[in-house]
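Here is the structure we will look at.
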Ligand SMILES: Cc1cc2nc3c(=O)[nH]c(=O)nc-3n(C[C@H](O)[C@H](O)[C@H](O)COP(=O)(O)O)c2cc1C
């Protein structure tokens, strides 16, 4: 069980979004536990398969249910979030009325090379999380020079400040005993 579940919308080995999530995890106080949630082995969602949940889906739902908060980082693919992330969110949201994200605070982040910083993907993700019944606390994107810096292994001051502000909105309680 972790305090904060981390989901990367990118399945790419050298993903900048996964790298950004690692950076974000490092901004929490030391007593906050973070844990990546795998989405690359989930089957494609279909309502037909909803009740017999495969092991990978059970694991996803258990991890998200146990977390106090979630941070999602996604690339923008064709003006939207990635298919892998979309699929994971659909699994998390069902069966109807049993969303494991219900009421869960979620911070949305994104990194792409474009200076538009994946605004479409972020806005779409926030709206989708609201429909699912989660509690998105805001979003923050990296693009342009911030992305170039991250690719070179550095978080710019502006990016670090934006992330800190966003993550503070998760209002995590001090460490459990
Ligand atoms: C299929 C595909 C579609 C993409 N569409 C967009 C897009 O609409 N907007 C954008 O800013 N970048 C777009 N990109 C670029 C990715 O967002 C960019 O490569 C990003 O760094 C990938 O994230 P990652 O490093 O975490 O894998 C696209 C990339 C791919 C592979």
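Ranked for footprinting exposure by Cβ neighbours inside 10 Å, fewest first, 77, 96 give 96, 77. Using only Cα atoms, tell me the angle between helix 119-132 and the longest principal axis of the chain; keep it within 0 to 90° and round to the nearest 10. Tilt relative to the chain: about 30 degrees.
In plain terms, the bigger the Kirkwood radius, the slower the diffusion; for segment 114-165, with that radius from Cα pairs, at 20 °C and 1.002 mPa s, Stokes-Einstein puts D at 179 µm²/s.
Cβ crowding within 10 Å, taken as a proxy for footprinting-reagent exposure, orders 7, 39 from fewest neighbours to most as 39, 7. Counting 0.36 nm for each residue step from residue 38 to residue 53 and taking away their Cα separation leaves a gain of 3.8 nm. Bridges between two residues of segment 46-177, per DSSP, are antiparallel at a rate of about 10%.
Note on 73, 93, 46: ascending count of other Cβ atoms within 10 Å places them as 46, 93, 73, the fewest first.
Just to confirm my numbers, what's the Cα centroid distance between segment 71-144 and segment 1-69 in Å? A separation of 12 Å, based on Cα centres. Diffusion coefficient (Stokes-Einstein, Kirkwood radius over C-alpha pairs, 4 °C, 1.567 mPa s) for the chain: 80 µm²/s, rounded to a whole number.
Rule-based calculations on the coordinates, nothing more; no lab input. If you're wondering where the values come from, they're calculated on a predicted model, not measured in any experiment. Glycine also receives a Cβ, built like all others from the backbone with ideal geometry; neighbour counts cover every protein chain displayed.
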